[in-house]
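If you scroll down you'll find the structure; I have some questions about it.
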Number of protein chains: 6
Amino acid sequence: MRIMVINPNSSTPMTDHIRTELERVKRQDTEVTVITNEGAPPAIQSAMDEAASVPPLLERVLRANQEAFDAVILACFSDPGLHAAREASQILVLGIEETTLHIAAMMGHRFTILTPLASRIPSKVENVKRCGLSEYLSSVRALGMTVAETEADPDRTKAQILNVSRNAMNQDGAEVIVLGCAGMVGYARDVETELGLVVLDPTTVTLKVCEGLVDAGVRHCRNGLYASPCDSNEP
Amino acid sequence: MRIMVINPNSSTPMTDHIRTELERVKRQDTEVTVITNEGAPPAIQSAMDEAASVPPLLERVLRANQEAFDAVILACFSDPGLHAAREASQILVLGIEETTLHIAAMMGHRFTILTPLASRIPSKVENVKRCGLSEYLSSVRALGMTVAETEADPDRTKAQILNVSRNAMNQDGAEVIVLGCAGMVGYARDVETELGLVVLDPTTVTLKVCEGLVDAGVRHCRNGLYASPCDSNEP
Amino acid sequence: MRIMVINPNSSTPMTDHIRTELERVKRQDTEVTVITNEGAPPAIQSAMDEAASVPPLLERVLRANQEAFDAVILACFSDPGLHAAREASQILVLGIEETTLHIAAMMGHRFTILTPLASRIPSKVENVKRCGLSEYLSSVRALGMTVAETEADPDRTKAQILNVSRNAMNQDGAEVIVLGCAGMVGYARDVETELGLVVLDPTTVTLKVCEGLVDAGVRHCRNGLYASPCDSNEP
Amino acid sequence: MRIMVINPNSSTPMTDHIRTELERVKRQDTEVTVITNEGAPPAIQSAMDEAASVPPLLERVLRANQEAFDAVILACFSDPGLHAAREASQILVLGIEETTLHIAAMMGHRFTILTPLASRIPSKVENVKRCGLSEYLSSVRALGMTVAETEADPDRTKAQILNVSRNAMNQDGAEVIVLGCAGMVGYARDVETELGLVVLDPTTVTLKVCEGLVDAGVRHCRNGLYASPCDSNEP
Amino acid sequence: MRIMVINPNSSTPMTDHIRTELERVKRQDTEVTVITNEGAPPAIQSAMDEAASVPPLLERVLRANQEAFDAVILACFSDPGLHAAREASQILVLGIEETTLHIAAMMGHRFTILTPLASRIPSKVENVKRCGLSEYLSSVRALGMTVAETEADPDRTKAQILNVSRNAMNQDGAEVIVLGCAGMVGYARDVETELGLVVLDPTTVTLKVCEGLVDAGVRHCRNGLYASPCDSNEP
Amino acid sequence: MRIMVINPNSSTPMTDHIRTELERVKRQDTEVTVITNEGAPPAIQSAMDEAASVPPLLERVLRANQEAFDAVILACFSDPGLHAAREASQILVLGIEETTLHIAAMMGHRFTILTPLASRIPSKVENVKRCGLSEYLSSVRALGMTVAETEADPDRTKAQILNVSRNAMNQDGAEVIVLGCAGMVGYARDVETELGLVVLDPTTVTLKVCEGLVDAGVRHCRNGLYASPCDSNEP
C-alpha cells in the first residue's frame, strides 16, 4: 500500500527524521512517501503557525488523492487542518495526535503528554478536549527545552524526559507517556524500562494503525462532519 | 471607539449587509469599520473554506492592531481563526458565535441554533462543544434553504424560520433561538412575538458586548492559550 | 437607559462603594440607580444569608419593573435569587457572577476566582458548576482576609492579591482572575501589569455587558426555566 | 428517634396528607412530626415560591435543633433551602428530591421524573444537574394536570400516570419512575405491575433512608460547603 | 426482615468481623446472615480476584432468593458482580461501594476514599466513574499499609488514617471520608472529632439504607439494564 | 506474529465463523489462532453470562502468555474480562468493543451500535460510558432479531440492517455504524453503498489494529490500573 505522510511544517530535516523513523517501522509491503509542506512555517508552535500551514497542506492532501495513495498521515502533534483534510479527501486521513490519544486511552488509566515548552500546555489540553478524551488525561508537562536544545544536548534531554515522566507518574497518576515532539523519540525505551510506564511515539503508532485500517478498508464518513462541499446535493 | 468588523468571506454584498445592520445598532460614539476578507472564499461552508479564509483574515487582524483600532470582531458564525487571531492581536478579538452562545446560555435554559442546511449541523454541534457549552444546547436545526434562497423568497423564509423555531421549542425544549445566518436576521421579532422565545442575532449581540468590554478595558490574556510566539521568552 | 443595581446586602457603605465604581465606568447616557437591599443581612456570607436576602430583593426587582427601568443587576458575587428575579421580571436581570464567568471563559483558557475566606471555596465551586462552566475553572483561591481586613490594610491586601494570583497562574494554570469581592477591585491593574494576567471586576463587567444587551433589546426568555407562575395558562 | 418533616408550603391538607403517608411507613420506634411551613406560599411552583418559603422554613429547622429532634426532612420535591438548612442545622437534613434521585440512580439504568405541569420541566432538569446525576436522567415528563385535578379525577390521573410512564419507558429508556408530586402516590403499584418499572415515592423513600442514617449516626459535614457562618473561626 | 450479607472473599475472619459490626448496628427486627463466599480468593485485590469471586457469589445470591431473604448486600468495597447479581435476583441487591458513595455525595461537597495500598487507586477512581459520581470525588488516597498491617499495628493505623484524612481535607477539599477497608473502621470517630469531617463505614451505611429500602418495598428494575436473560420474551 | 483470538463463549460454530473472517483479512505473516472458551456459556447475553465466561477466559489468556503469543484479542462485543485479562497478561490484550469504538470516534461525528435485541441496549450504553466515549454515541439500536434469526433469514436481516442504519442516520445523526454482532457482518457493504455511512466490523478492525500495535511494540501499562497483584512489591 502507499501512504503519504505530510510533515506539516517546512523543515526538511524534520521530514528526513520522520522518514528515517518510518522506514524502520513500516511493513515491507508499505510504501511511505514523506513530504515537506513547503510554504508552511518552519515549525508549528502556535495557532497562527497552524493557520499558515493548512492551505498548502490541503493541496498535498488533494495530490495524494489524485496520485492514488491509499491514505494520508498528518505528522505534526497538533493535527493541523485535520477536519479540512478529511473533507478534501476520499482516502483515509489520520492525524498523529488524535490517533495516538485514542490508543493511549486503551493502554492505561491515564496518559500524560510531554511537550517541549510550557507555553504550549494550554493548547495541548484543548486538543485533548477536542478529541473527547479529557477524562483520560493525567497532565501535559513541559520539558522546558526547545526542539533545538533537545537535539543539541542528548544527555540533558534523556535526563529531563525521565525526570518529567517520573513526576507525571508520581504526581499525576500517568501510566502512559505520549511523546509530543520528534526530538524525544529516541529515549522512549529508557522510560519504559526505568519507570515501567508505556511510552508512545505518535508517528510510529499512527503509521501502524494506518496500515491496518487501509487493509480493512476503513475510511472516514463523508456524509456528515467531514462532508465535502463539492459532494453536496442539498437544495 | 473604533471597532474593525471582518466579514471572513469575500462577498461584498454580505459585508454591506453586516455594515447596514451594525450602523443601525452601534452607539453614536462607536466607529464601525466593516471590511471584506478579500482572498477568502465567497462563503464559509466547510472546514476547507475556513482554512482558506484564515491567512488573509489574520493579515486584517494585524492591520487593525497597527491602525489603532480598539477591537476586532470576526463576523462569521463559525468563528474561523479565532484562536489564531487572538494570538496575533494585542487588542480584544471577539467571534460572533462564541460571544452569542455565552449570552444565549444566560437568557434561558437551552438554546437552538438555526443553520441554513442540514450538512452543517455536525460542525455546529462541534463548535458548541469547543465553546464548552454543550449542556446548554437543545439542538441545531436546519431551515433546508440555501442562503441564496433565503434572500430570494422572504415569505417562505419567514414561514420556515417560524416553523423550525416552533419545533425547537416543542420538541427540543429551546428557549433561545440563535440565528446562524445573516439571511435570517430580519425575521427575529416574529418568532419572539408569536412563540415567546428569545431570538439572538449574533452580529448585533457581539457588537454590543464588544462596545461594553472595550469601555471596561477587557482583553484576552496573552500569557497562555493565546500566547503569541513572538512574545515568548521561554528558554 | 436606566439600570437598577441592587446591592443584595444591607450595607450602605457597600452600596456607596458600588455606586462610586459604576458612576466612573457607565456611559453618559446611562442612569445607574444603586440601591441597598434593606431588610437583608449586612453581608452575604452563607446560604442562610442568601436565603434571607432574596425576599426583599425580589420586592426591589418588582419595583424596577413598575418604575420602567430597563434592566436590573444583582451586585453580589453569588447571584442570590437570580432565577427568582428573572421569573419576577419582564426586564433583563443580570447577576454579576454568571455574567462575569461567561466573559472570563472567553478571555483565556482557565479562570481563577479570588474569594476573601477559604470557607466560601466550596460554594464558589458549586456556583461555577451551576453556570455550566466548570471546565473553565482553574481554581478558587482565598486571600485569607476578611472584607474588613482588606479595607483596613491596603498594603497587605495588594501583596496578598498579587501573591495568590501568582500561585493561581503557576500552580493552577489561571489566565484570568475574577475578583470575587468588592474590596479587591482597586488592585486589578497591578496584577495585570506584573503577571500578564487578565483581571475582571464583576460589577464593572456586568454593567458594561448590560448596557450593550439593553441596547440590543436582549432579555431572558419567560417561557421556560424563568416562566412566571403569574403568566401561566396551563390547564 | 424523632424526625421533623417540614412541608415547605403552607397547605395544611398537604401536611395532613404527608403525615398519613408517613405514619403508615415509619418504624414503630420512630416519631414523625409533620409540620406546615406557615408563612410560606400555599404551593411551591416557581423559584419565587421557593424564595418565599425558605426563611420561615429555616426557623423551623432551627427549632428542630433546639427541640432535640434527630433529623429534619424537607418534604417538597424541589428541596427548597436545602443548603441553607444544612448550614443552620447540627442534625441531619435530607431533601426528598436529592435523596430519591440518588436511590433511583441505583435501581436502574435511567430514571424519569413525573411532574404535574410542563412549565416545571426545565427547573426539574436543573435540579438533577445540581444533584450531579444528569447522566441518570432519561426525561422529565408532565402529566398535564394540576395538583387539584389529580385530586379531583382519580381515574384520569391513574390513566395518565400509566400513559406517561409507558412513554418514558418506550421512548426515553426509563427504568425507574420518580413521582414528583404527592397527588401521584396512590397509583405507583399499577405502574409497577403493568409496566415492570420501579416507582419511587420520594417522601417514603426519604423517611426510610433517614431512619437508617440516624441509626448509623450519619450527618452532613459542617466544615465546608455546609459550614455555618456562626461556627467559623477564620481570621 | 432477613438480609443476606455476602463477604465476597473466602476469609472467614473477615466474615466474622463484618458479622460483629453488623450485629451491633442492625435493627432488632432485622436478621442478618453474613456468609463467606467459599471458592473465592481469600482477598479481592485485583480484577482477577473479582472475576474469580463472582461465579460462587452468584450461587449465593440465587440461594438468597430461594430461601426467601428480603435483600442481599455484597460486602466488599469494589462491588464485585453487582450487575450480574441484580440480574440473578428478584430481591434487592445493594453493593457497599455504590450505596455509600451516593450517601457520601449528599453529606458534603466532596468525598475522599481511603484504600490500603496505592496500587488500587486507579481502580477506585474507575469505580466512582462507573457510579456516575466523579464530580463528587476529591481524591483516593492510600494508607500505604496492607490489611494485615492495619490489624497488627493499631496505633500506626490510627495515626496514618488521621494523617491521610487531614491531607485529603487540606489538599483535596475532602469533607467526607469513605473508609475503603474493613481494617479502618474502628478509627472513624477520631477523624470526625479531630478534623470535623464526616466518616462513613460502607458496611454499616449500606445495611441501614437496605433496612429502609426493604421496608419501603424498593427493588431494582428487572426490565432493562438488570434484565435477566431468563425473563426475556423477546423474539 | 502470533495472535490468539479467544471467542469468549463456548459456541464452536461462532469460533469457526470468526476464524473464517480473520483468515480472510489477516496479514500473510500473521498466524491467527482462534479458540473457543470452553466452559463458558454458549452465548454472552447478560452480565451473568459474562461473569461465567471470565474465569475460563483468563486461563486461556495465561496460556497465550506461556505459549509465546504476541497478543490476545477478546472477540465478543462486550469485552468480558478485559481488565482482568490485562492484569493477567504480559502481552497486549485488546477487546473488540473498546478498540472499535475508539476507531469509530475518529471516522465520523457520531457512531451508532447495532445490537440484535433491545434488551441489551442499556448495557451497550454503559459500555460506551466505560470506554469514556459517550459523547460520540448517537444511539444503540436493535434489529429485533435473535442471532439465530439473522443466520436463518439473510434477506430479512439485510433489509433490517439497512432500515435500522437509515433510522440511525436520519434520526440520531449517525455517521458510523458499529456492527455489534457477528451475524451482521456480511451486509456491511450494502449499508456503505446505499447510505454513504461507514460500517465497522469489530473483529476485523481489532485484528488489524492489533497487528499494527504488535509491530510497534505497544502494550498496556502494568503499573497502575492493570497492575497484576503478582507483580506488586508494595509494603
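Sort E:LEU197, B:LEU57 so that the residue with the fewest other Cβ atoms within 10 Å of its own Cβ comes first and the one with the most comes last.
Result, fewest neighbours first: E:LEU197, B:LEU57.
Right, next: Roughly how tilted is helix C:96-107, in degrees to the nearest 10 and between 0 and 90, from the longest Cα axis of chain C?
On a 0 to 90 degree scale, this one is about 60.
In deg cm²/dmol, rounded to 500, what helix-only [θ] at 222 nm does chain B give when every DSSP H run of at least 4 residues adds -39500 (n - 2.57) and the total is split over its residues?
Only helices count here, giving -15000 deg cm²/dmol.
Another one. Need the C-alpha centroid separation for segment A:81-141 versus segment C:156-183, integer Å.
Using only Cα atoms to place each centre, the spacing works out to 31 Å.
Which aspartates and glutamates, if any, have their Cα less than 13 Å from the Cα of A:LYS129, not counting same-chain residues under 8 positions apart?
Correct list for A:LYS129: A:GLU97, A:GLU98, B:GLU126, C:GLU135, F:GLU135.
With labels modelled as points extended 7 Å from the Cα through the Cβ direction, what inter-label distance (nm, one decimal) is found for A:ALA148 paired with F:ALA148?
Each label point lies 7 Å from its Cα, and together they span 7.3 nm.
Quick check for me: using +1 on Lys/Arg Cβ and -1 on Asp/Glu Cβ, what's the dipole size of segment F:24-128 about its Cα centre, in debye to the nearest 20?
It comes to approximately 360 debye.
For chain E, find the longest principal axis of its Cα atoms and tell me its angle to the long axis of helix E:12-25, 0 to 90°, nearest 10.
90
For segment B:98-202, state the semi-axes of the equivalent ellipsoid (square roots of 5 times the eigenvalues of the alpha-carbon gyration tensor), sorted largest first and rounded to whole angstrom.
20, 15, 11
Which FRET efficiency, nearest 0.05, do F:THR20 and A:ARG24 yield, Cβ-Cβ r, R0 25 Å?
About 0.15, to the nearest 0.05.
Based on C-alpha coordinates, I'd like the Rg and Dmax of segment D:5-53, in Å.
Values for segment D:5-53 (Cα only, Rg and Dmax): 12.1, 38 Å.
Sticking with this structure for a sec: Label-point separation (nm) for E:GLU67 and A:SER134, each offset 7 Å from Cα along Cα-to-Cβ?
Calculated label separation equals 4.9 nm.
How charged is the neighbourhood of F:SER10? Take every other residue with its Cβ under 11 Å from the Cβ of F:SER10, and add Lys/Arg as +1 and Asp/Glu as -1.
-2
Could you pull out the GluC sites (Glu not before Pro) across segment B:21-97 that fall in loop regions by DSSP (anything but H, G, I, E, B) with no more than 15 other Cβ atoms inside 10 Å?
Of the GluC sites (Glu not before Pro), the ones in loops of segment B:21-97 whose Cβ has at most 15 other Cβ atoms within 10 Å are B:GLU38, B:GLU67.
To the nearest 20 debye, what charge dipole does chain A have about its Cα centre, counting +1 at the Cβ of each Lys and Arg and -1 at the Cβ of each Asp and Glu?
Dipole of chain A, to the nearest 20 debye: 260 debye.
Could you tally the net charge around F:SER53, taking each other residue with its Cβ under 12 Å from the Cβ of F:SER53, Lys/Arg +1 and Asp/Glu -1?
-4
According to a simple spin-label model (label point 7 Å from Cα along Cα-to-Cβ), what is the distance in nm between A:ASP172 and C:GLU59?
5.5
Running a GNM on chain D with Cα contacts under 10 Å, which residue among D:GLY224, D:GLY183, D:GLY144 ends up with the highest mean-square fluctuation?
D:GLY224
While we're looking at this one, here's another question. Which chymotrypsin sites (Phe, Trp or Tyr not before Pro) in segment D:36-132 sit in a loop by DSSP (not H, G, I, E or B) and have at most 14 other Cβ atoms within 10 Å of their own Cβ?
In loop regions of segment D:36-132 (DSSP not H, G, I, E or B), there are no sparsely surrounded chymotrypsin sites (Phe, Trp or Tyr not before Pro).
If you take each beta carbon of peptide A:40-47 and count the beta carbons of other chains within 10 angstrom, what is the mean?
Other-chain Cβ atoms within 10 Å of each residue's Cβ, averaged: 4.
Using +1 on the beta carbon of Lys and Arg, -1 on that of Asp and Glu, and nothing else charged, what's the dipole of segment E:98-202 about the Cα centre, debye to 20?
Its charge dipole is roughly 260 debye.
Can you find, among E:GLN160, E:THR150, E:GLY224, the residue farthest towards the positive end of the dipole of segment E:147-235? Put +1 on the C-beta of Lys and Arg, -1 on that of Asp and Glu.
E:GLY224
Which of rounded, prolate or oblate describes the protein assembly as shown when judged by the alpha-carbon gyration tensor and an a/c cut-off of 1.5?
Cα axes put the protein assembly as shown in the rounded bin.
Using a Förster distance of 60 Å, how high is the FRET efficiency between D:GLU38 and F:GLN90, based on the Cβ-Cβ distance and rounded to 0.05?
So the FRET efficiency works out to roughly 0.25.
Now for a different question. With 5 Å bins from zero, work out the P(r) of chain A over every alpha carbon pair and list the percent per bin.
Binned Cα distances yield the sequence 1, 7, 14, 19, 20, 17, 12, 7, 3, 1, 0, 0, 0.
With angles folded into 0 to 90 degrees, how steeply does helix B:121-130 sit against the dominant principal axis of chain B? Use alpha carbons for both and round to 10.
In chain B, helix B:121-130 runs at an angle near 50 degrees to the longest axis.
The numbers here are math on the coordinates, done by the rules we state, and not lab data. Bear in mind that the values here come from a model prediction, so they are computed numbers and not experimental data. Using ideal geometry, Cβ is built from the backbone for each residue, glycine included, and neighbour counts are taken over all protein chains shown.
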